[in-house]
Amino acid sequence: MVTIVTTNGSYISPANEAVYHQSRLIGTWSGTMNGQSVAFTVKNVKGNQAQVEYTHGSKTDRGTATVSENMVTFNNVTVATKNGSLGALVFDSGTIEKSYKVTKTAAPTQTTTTASSYKGSGGISTSASATSGATAVDLLA
């Protein structure tokens, strides 16, 4: 199987790229949430995991997120996109779920090459920014 390998260290299966366009998740998604700026950066996607950084207010969290189809989830925050420039950030506190619009800032130019093998399962990741009042479905429509 051929794998899409990008300069940022991502490994995305051709099937996941063809169906979900997971490379569109890579980059920094930003906006505002409850009057505070938020940024969600997807550094790379490797199978069903992604390295991410989530900044809200003055706090930054880094770690490994779960990638599924066209979205990435880190702790209680999910970012999803259909077109790679506009997306939705969904914050789930356990009892309340809020959705915000996010936009992706220009990502560095990526070089894509192919490799002859792929180990792992498919996945996706993303980042976020905000405007409250809409649902995630509305934001991605």
Filter result (outside any strand (DSSP E or B) and either under 17 Å from SER99 (Cβ atoms) or at pLDDT 90 or above (or both)) within the range 34-57: ASN34, GLY35, ASN48
Filter result (under 14 Å from LYS104 (Cα atoms) and under 10 Å from the mean Cα position of the chain (by Cα)) within the range 33-51: PHE40, THR41, VAL42, LYS43
Residues of the range 19-53 that turn out to be closer than 14 Å to LEU89 by Cβ, surrounded by 18 or more Cβ atoms within 10 Å (Cβ to Cβ) and not hydroxyl-bearing (Ser, Thr, Tyr), as a count: 10
Test for THR95: is it modelled with pLDDT of 50 or more, under 18 Å from the mean Cα position of the chain (by Cα) and of a type in the set (Ser, Thr, Tyr): no
Scope the range 26-52; condition out of contact with any helix residue (DSSP H, G or I) (no Cβ under 8 Å at 6 or more places or on another chain), under 18 Å from ILE12 (Cα atoms) and of a type outside the set (Val, Ile, Thr); matching residues: GLY27, LYS43, ASN44, LYS46, GLY47, ASN48, GLN49, GLN51
Residue list for the range 11-40, filter: in contact with a strand residue (DSSP E or B) (Cβ under 6 Å, 6 or more places away or on another chain), within 16 Å of MET71 (Cβ to Cβ) and of a type in the set (Phe, Trp, Tyr): TRP29, PHE40
Output for the range 79-89, where each listed residue is over 17 Å from ALA50 (Cα atoms) and either surrounded by fewer than 24 Cβ atoms within 10 Å (Cβ to Cβ) or among the acidic types (Asp, Glu) (or both): LYS82, ASN83, SER85, LEU86
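The values are calculated or read from the model by the stated rules, or taken from the named source; none is laboratory data. This is a predicted model, so every value here is computed, not measured. Backbone-built Cβ (ideal geometry, glycine too); neighbour counts: all protein chains shown.
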